[in-house]
Structures are given as structure tokens and as C-alpha cells.
Amino acid sequence: MNKRKLGKSGLEISPLVFGGNVFGWTLDEASSFKLLDAFVAAGFNAVDTADVYSKWVPGHTGGESETILGKWLARGGNRNKVIIATKAGMEMAPDKKGLSKAYILRAAEDSLRRLHTDRIDLYQSHTDDADTPIEETLGAYAELIAQGKVRAIGASNYKGDRFAQALEISKKSRLPRYESLQPLYNLYDRADFEAELEPLCLKEGIGVINYFPLASGFLSGKYRSERDMEQRPRARMLKKYVNERGFKILDALDQVAKKYNATPARVSLAWLLARPSITAPIVSATSIEQLNDLIASVELKLDRASIELLNQASA
């Protein structure tokens with residue numbers, strides 16, 4: 001498996017990251033273990049989660065995903081085989097949110113405990129916190145890095161101007177810099193990332209691990225109408241894609257998939273992997289069959305004509 005450098009962090013990750021938002025939500029513990037085992041057995045080495053996963057499920061309080069991942073790490077001697085990425089900052093409770101120094105230091109200890117580990121390889125600010133000075137946030141991360149509890153830091157859901165500002169402060173104040181960005185990016189959701197963030201990441205050598213690379217499953221081609229989405233866990237997120245532009249993209253994916261005897265999901269990921277800015281899309285699967293299809297995208301190299309067709313359909 002060819003690994004890719006994650007910014008200038010020193011971390012090297014496989015071209016796909018397993019998205020742990022499904023652990024304890026659409027996957028129970030046993031199924032989570034099975035898919036993690038298969039992912040690592042196939043040569044992949046990076047798993048992304050967050051403290052807040054899966055607080056949105058009735059009866060959950062957050063921490064469920066990290067807890068399952070931690071049990072898997074403790075069970076199989078897998079800790080040294082994988083890069084663990086987690087996040088803090090989203091609201092866990094009224095007094096547990098944001099990126100203040102006090103809260104980050106507290107949240108990191110909670111995540112380390114749930115994950116059954118002494119270090120977080122990539123610790124990410126889950127969302128921007130306009131109420132906390134960036135210097136304070138980066139100072140907290142500096143402390144965690146000095147203690148050996150965090151190896152590198154990243155940011156998720158940042159706007160271009162704020163991400164640029166954070167990088168500038170790191171440089172001027174000699175504080176750790178965000179080595180990775182986790183944005184929403186796929187064939188449908190292109191504009192926000194490509195306008196400001198992509199040029200900045202390329203210029204500064206920032207790793208990009210984009211989430212929802214299949215647009216919550218829409219780009220797999222499984223959802224061609226409102227009826228297809230009924231009773232699906234992601235139905236609310238899928239609705240925005242069911243429109244003329246969405247179907248135009250699916251049509252182009254179908255054409256390219258036929259050409260390569262592949263699936264739309266595989267082609268969608270191959271399109272992302274061909275972009276110089278993308279380090280590794282974050283993918284989730286709920287079955288071994290799904291996982292194998294996603295894994296196959298790493299071997300799929302699209303020609304220029306196919307990439308151009310997809311570019312135009314999704315422009």
C-alpha cells in the first residue's frame with residue numbers, strides 16, 4: 001500500500017481513511033470490529049472519529065464511537081498498526097464545547113481514556129470557535145504535543161480566511177500548525193473547498209482528508225428518487241442532492257463506471273484521489289461488500305477524458 005504524507009506532520013497514511021462516525025450508530029460493536037479488521041488486513045492504516053460521535057442518536061451522549069474504537073485497539077494489539085485521528089470542539093454538553101485551552105486539555109484526556117491509548121496521532125479542531133483566540137487553542141495543542149499525548153493537529157470545517165489566519169499565527173508565534181484539513185468535499189459539494197481552501201492547502205503543503213466523499217451515499221448511485229431514501233439513516237442529508245444537477249453527475253458517473261467495469265462509488269473516489277490536493281478521503285462502510293468496493297477505488301486510475309467528463313457534469 002503506497003502511503004501518502006499528511007502535510008508536514010511526519011504521519012503517513014493510506015489513501016483512504018475509515019470514518020468512525022458509523023461505530024455505535026449504523027454499526028454495532030461486533031460489526032465495527034469486523035470491518036476494522038478487514039480494513040487493516042487490506043493494508044490501510046488510518047481511522048477517523050470524534051468525541052461527539054454519535055450524540056445525534058436518541059439515548060446517546062457522545063463518545064460511543066471512540067469507546068468502540070478503543071475496545072478494538074485494546075483487543076487486538078492494533079495500536080501500532082493504525083493512525084488514530086479524533087476531534088474535539090463540537091458540543092457534548094452545555095459546559096463541554098469549544099476550543100478553549102481548559103476544555104481542549106479536558107477533552108483530550110476523555111478521548112485518550114475512551115480510546116484506551118496514550119496518544120492521539122492526529123487531534124483536530126472539529127469546528128471553528130470564534131469566541132476563543134486562535135493563539136489559546138494552538139497553545140493548548142502545543143502543551144499536549146510536549147506531553148507526548150498528541151503527535152499532530154488538524155482542523156475541520158474551517159472557512160478559508162480563518163484557516164489562513166491560523167496558519168499565519170502558527171508561523172509568527174512559533175506554535176504548532178494545523179497539518180491537515182477535514183472539509184466537506186465530493187463531486188457535488190465542490191465550490192466551498194475549491195474557491196479558497198484548496199489553493200491554500202496546495203500552497204502551504206496541508207494534508208486534506210475530506211469527509212462525505214460520496215455525498216452521504218448519493219454518489220454510490222443507490223438513491224435515484226425520494227422513495228429510495230425512505231427510512232434511510234441519512235435521508236435528511238441526502239435530500240439536497242436529489243435534483244437536476246445531482247442526476248447529471250450520476251449520469252456521468254454511470255458512463256465512466258461502465259467504461260471501467262466499476263461502480264459509481266469507486267469512480268467518485270478515484271476522481272478525488274486524482275486531485276493533487278486530496279490526501280485521503282474518509283469513507284464509511286456497513287458491510288464487507290461495501291468496504292471491498294471502496295477499497296478497489298485505490299487501484300482505479302481514470303484517464304483524462306473521464307476526469308473531464310466528471311468535472312463538467314459537476315461544475
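Quick one: compute the contact order of the chain, relative version, from alpha carbon pairs under 8 angstrom and 6+ residues apart, as a percent.
Working: 572 pairs, mean separation 54.9, N = 315.
Rounded, it is 17 percent for the chain.
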Q) So what is Rg over Rh here for the range 124-179, counting just Cα atoms and using Kirkwood for Rh? A) 0.93
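Could you list, in their original order, any pairs among LYS172/LYS203; LYS203/LYS301; LYS5/LYS159 whose Cα atoms are separated by more than 20 Å?
Distance filter (> 20 Å) returns LYS203/LYS301; LYS5/LYS159.
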Q. For the range 37-76, what is the relative contact order in percent, using Cα pairs closer than 8 Å and at least 6 residues apart in sequence?
A. 27
Q: Compute from the Cα atoms of the chain the Rg and the Dmax, the latter being the longest Cα-Cα distance, and quote both in angstrom.
A: 18.9, 54
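Provide Rg over Rh for the range 85-222; use the alpha carbon set for both Rg and the Kirkwood Rh (inverse mean inverse pair distance).
Details: Rg = 15.3 Å, Rh = 15.6 Å.
We get a ratio of 0.98 for the range 85-222.
Can you give me the % of accessible surface on the range 271-315 that is carbon or sulfur? Probe 1.4 Å, all protein chains present, nothing else counted. Spell out each step's value before the answer.
On the way: 1060 of 1940 Å².
Roughly 55 percent, rounded to a whole number.
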Q. Relative contact order for the range 164-295: what is it in percent, counting Cα pairs under 8 Å that are at least 6 residues apart?
A. 26
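Please list the equivalent ellipsoid semi-axes of the range 247-315, computed as the square roots of five times the alpha-carbon gyration tensor eigenvalues, in descending order and whole angstrom. The partial results should precede the final answer.
Details: eigenvalues 72, 40, 24 Å².
Ellipsoid half-lengths, sorted descending, are 19, 14, 11 Å.
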Q. Per residue, how many Å² of accessible area does the chain show with a 1.4 Å probe?
A. 43
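Viscosity 0.890 mPa s, temperature 25 °C: what is the translational diffusion coefficient of the range 193-315 from Stokes-Einstein with a Kirkwood Rh over Cα pairs, rounded to a whole number of µm²/s? Mind dumping the intermediate values first?
Working: Rh = 15.1 Å.
Stokes-Einstein gives a translational diffusion coefficient of 162 µm²/s.
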Q: Among the GluC sites (Glu not before Pro) in the range 92-201, which ones are in a DSSP loop with at most 16 other Cβ atoms within 10 Å of the Cβ? Mind listing them?
A: none
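For the range 57-140, which whole percent of the accessible surface, found with a 1.4 angstrom probe, sits on carbon and sulfur atoms?
Values: 1760 of 3410 Å².
C and S atoms contribute 52 percent here.
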Q.
Going by Cα centres, the range 20-34 and the range 118-190 are how many Å apart?
A. 27
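Against the empirical 2.2 N^0.38 Å scaling, what ratio does the C-alpha Rg of the range 1-125 come to? Walk me through the numbers before you get to the answer.
Working: Rg = 14.2 Å, N = 125, 2.2 N^0.38 = 13.8 Å.
Here the answer is 1.03, to two decimals.
The values are calculated or read from the model by the stated rules, or taken from the named source; none is laboratory data. These numbers were taken from a predicted model, which means no experiment stands behind them. FYI the Cβ positions are ideal-geometry reconstructions off the backbone, even for glycines, and counts take in every protein chain you see. Surface accessibility is based on the protein's heavy atoms, side chains included, excluding ligands, DNA and RNA. Shrake-Rupley method; radii C 1.70, N 1.55, O 1.52, S 1.80 Å.
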